[in-house]
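Contents: one structure, followed by commentary.
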Amino acid sequence: MTLVVKYHEGVATRQRRALRHYKEKALRLCPNLEERVGSGRGRPFTQRGVQDRMDELQGVEEAINWSFDEESQTFSWKFKDDEWERLLEEAGKSLLFTTHEDWSAKDIIKAYEGKWKVEHSFRLLKGSIPVRPIYHGREDRIREHCFLMYLLIVIHRYLME
């Protein structure tokens, strides 16, 4: 088995932006929860309620160490800076696994990046084929039109390779 680490700067930039957004959200949400839990106002918090709020912090949940005790209604949390740095470091990286041990790293990445074409073709051929507008009145002409549209899609995919 061969493993390739792929890095894309554009993806890394987008992922880091999203991570910073969720970090800001976490730094607002956690102190708010800490203040509200056990304040005596409203209904008591439940484990599921707190978990649902923490699930909103997708992407940075690994950098937050939190605990909630439903019985004593206490919530505590700590932001782990070392874990945060690791998340930023991993942004933009993908692991690609293959059984083609004779392929170079460039070939593996090229095959991975070309898979969207195959997936798009399958989606297109499995779904409804766009054949509008059909200006034919007879059923045999409509069938011919649909066949030609399908044939054109297949030829187009062949020529794209």
| query | So which residues in the range 59-98 are closer than 18 Å to residue 17 by Cβ, among the charged types (D, E, K, R) and at pLDDT 90 or above? | reply | 85, 86, 89, 90, 93
| query | Hey, does the range 103-124 have a residue that's hydroxyl-bearing (Ser, Thr, Tyr), at pLDDT below 80 and surrounded by fewer than 11 Cβ atoms within 10 Å (Cβ to Cβ)? | reply | no
| said: If I ask for residues that are part of a strand (DSSP E or B) and under 23 Å from residue 15 (Cβ atoms), which ones from the range 78-110 would you list? | reply: 79, 93, 94, 95, 96, 97
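Results for (1) assigned to a helix (DSSP H, G or I); (2) basic (Lys, Arg); (3) more than 16 Å from the chain's Cα centre (by Cα); (4) at pLDDT 90 or above, shown as yes or no for each residue.
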| site | (1), (2), (3), (4) |
| --- | --- |
| 3 | no, no, yes, no |
| 13 | yes, no, no, yes |
| 19 | yes, no, no, yes |
| 25 | yes, yes, yes, yes |
| 28 | yes, yes, yes, yes |
| 42 | no, no, yes, no |
| 48 | yes, yes, yes, yes |
| 52 | yes, no, yes, yes |
| 57 | no, no, no, no |
| task | With the checklist (1) of a type in the set (A, V, I, L, M); (2) at pLDDT 90 or above; (3) out of contact with any Leu (no Cβ under 6 Å at 6 or more places or on another chain) in hand, flag the one item residue 37 doesn't pass. | result | (2)
| task | From the list 144, 89, pick out the single residue that is under 30 Å from residue 26 (Cα atoms), among the acidic types (Asp, Glu), out of contact with any Cys (no Cβ under 7 Å at 6 or more places or on another chain) and surrounded by 10 or more Cβ atoms within 10 Å (Cβ to Cβ). | result | 89
| query | Of the conditions (1) under 21 Å from residue 90 (Cβ atoms); (2) surrounded by 12 or more Cβ atoms within 10 Å (Cβ to Cβ), residue 50 fails just one. Which one is it? | reply | (1)
| note | Within the range 13-45, the residues that are under 17 Å from residue 85 (Cα atoms) and either crowded, with 16+ Cβ neighbours inside 10 Å or acidic (Asp, Glu) (or both) are 15, 19, 22, 23, 24, 26
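The values are calculated or read from the model by the stated rules, or taken from the named source; none is laboratory data. Predicted, not measured: the structure shown is a model, and the values here were computed from it. Because the Cβ atoms are built from the backbone with ideal geometry, glycine has one as well, and the counts that use them run over all protein chains shown.
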